[in-house]
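**Q** Below is a structure I'd like to ask you about.
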Amino acid sequence: MQKKLIALAVTAAFSTSAFAEATVYGIVDAAVASISATGMKSDIRSLSGGLSGSRIGVVAAEDLDNGMKAIAKIEYKLDSQLSDGVLAARQEMLALAGGFGTVAAGYLQTTGYDWQGMFDPASGSQVSPLTRVNSGFLIGSGAAAARAQNALAYISPDLGGVTVAVNYTTDFANTGMVASGTTSGNKTTATLLSATYKAGPLAVGGVYAGTANDDTGYAKTTDMAVGASYDLGAAKLMGTYQTNKTDTTGATTQKAMSFSVVAPVGPGAVVGSYAKNSMSGTGNDDNSMTVAYLQGLSKTTTAYGAVHKINTKTANVAADTTIVVVGLKKTF
């Protein structure tokens, strides 16, 4: 109730009318990391978002006629270590939900972001092996199409365990994926399509993502990703596989895959995750692994520790990085 009262007061201060119901939420995550790498001195850093990105948001909902609901959501990234940290938008959207599903418009967290969150237990953290190896892709929590500006979205209701989502951004140029010869009159668009099936302990999901531009010199990019998880009770298993291809002469195809396990241990859990990528014919590939322990101190507070290792190979020359992180996460 206190969160709702605060949110209503904030809303009323900037508008002549307030939503029927509003909630403030957020995460503050602070950690200390020891970082060492090949050919470099080791370093100790205090950082924000070791396990989850720090953020603050407000979601407001109002019941309408015919069982529909209007929903507004704004969410911004925080840096718990900086006094002058810039509030970077994570989501800014207005949606209409009902028996037909949900339609939304604005700056959106895409179905490509949500896909990784389902099949990567470290998604959104600084110790996610999958994020480390698929950052050059379109699909993933740290990938180019994780968020989309000037975007439209539709999410279906549950159709016997299946949920379908469509995202379309009318202006994707903020990712920098525009050919050098593009004129100012051209724009880049992106489309994401996903389908997810959940039944008991099993979940399976697939996503397609592609960009387009009416400039003949533009290189189109296409991603496809699949993921699955199964909860055995004693442990939950997860796996992903994805490809990224740019439509140019002599272009190479990138591939990435991951495997993870989460095993409950008392009030906490042990997490293990491994991911690798490869770029055909270049001698460039990366692999990364994380072993972490999460300890629930309360319903909203988690202490954690993780060892994150990265092996990067460029033209067959390898380098290693090791990150040891200890931190605390508080949700509200």
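The values are calculated or read from the model by the stated rules, or taken from the named source; none is laboratory data. All figures in this text were calculated on a predicted structure; none of them were measured in a lab. Every residue, glycine as well, gets a Cβ built from its backbone with ideal geometry; the counts of neighbours run over all protein chains shown.
**Q** For the stretch 214-238, which residues satisfy the criterion of being in a loop (DSSP other than H, G, I, E, B), at pLDDT 95 or above and not small (Gly, Ala, Ser)?
**A** Residue satisfying the conditions is LEU232 alone.
**Q** Among the residues of the stretch 39-53, count how many are of a type outside the set (Gly, Ala, Ser) and within 16 Å of the chain's Cα centre (by Cα).
**A** Count: 1.
**Q** Can you tell me which residue among SER156, SER194 is closer than 21 Å to GLN109 by Cα, modelled with pLDDT of 95 or more and more than 19 Å from the chain's Cα centre (by Cα)? It would help to see each step written out before you state the result.
**A** Working: SER194 fails: more than 19 Å from the chain's Cα centre (by Cα).
Of SER156, SER194, the one residue that is closer than 21 Å to GLN109 by Cα, modelled with pLDDT of 95 or more and more than 19 Å from the chain's Cα centre (by Cα) is SER156.
Every residue, every condition in (1) more than 19 Å from PHE172 (Cα to Cα); (2) free of Cβ contacts under 8 Å to residues at least 60 places away in the same chain, yes or no:
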site	(1), (2)
GLY57	yes, yes
ASP65	yes, yes
MET68	yes, yes
LEU78	yes, yes
LEU87	yes, yes
GLU92	no, yes
GLY98	yes, yes
TYR107	no, yes
THR110	no, no
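**Q** With buried (at least 17 other Cβ atoms within 10 Å of the Cβ), closer than 29 Å to LYS276 by Cα and touching a strand residue (DSSP E or B) at 6+ places or on another chain (Cβ under 6 Å) as the only criterion, which of VAL164, VAL127 stands out?
**A** Step by step, each of VAL164, VAL127 is checked, and only VAL127 is buried (at least 17 other Cβ atoms within 10 Å of the Cβ), closer than 29 Å to LYS276 by Cα and touching a strand residue (DSSP E or B) at 6+ places or on another chain (Cβ under 6 Å).
**Q** Hey, another quick one. In the stretch 97-142, which residues are in a helix (DSSP H, G or I), under 13 Å from PHE259 (Cα atoms) and among the polar types (S, T, N, Q)?
**A** GLN116, THR131 - these are the residues of the stretch 97-142 that are in a helix (DSSP H, G or I), under 13 Å from PHE259 (Cα atoms) and among the polar types (S, T, N, Q).
**Q** Assess whether ALA22 counts as being touching a Phe, Trp or Tyr at 6+ places or on another chain (Cβ under 8 Å), over 30 Å from VAL262 (Cα atoms) and either in a helix (DSSP H, G or I) or touching a residue at least 12 places away in the same chain (Cβ under 8 Å) (or both).
**A** Taking the combined requirement at face value, the residue does not satisfy it.
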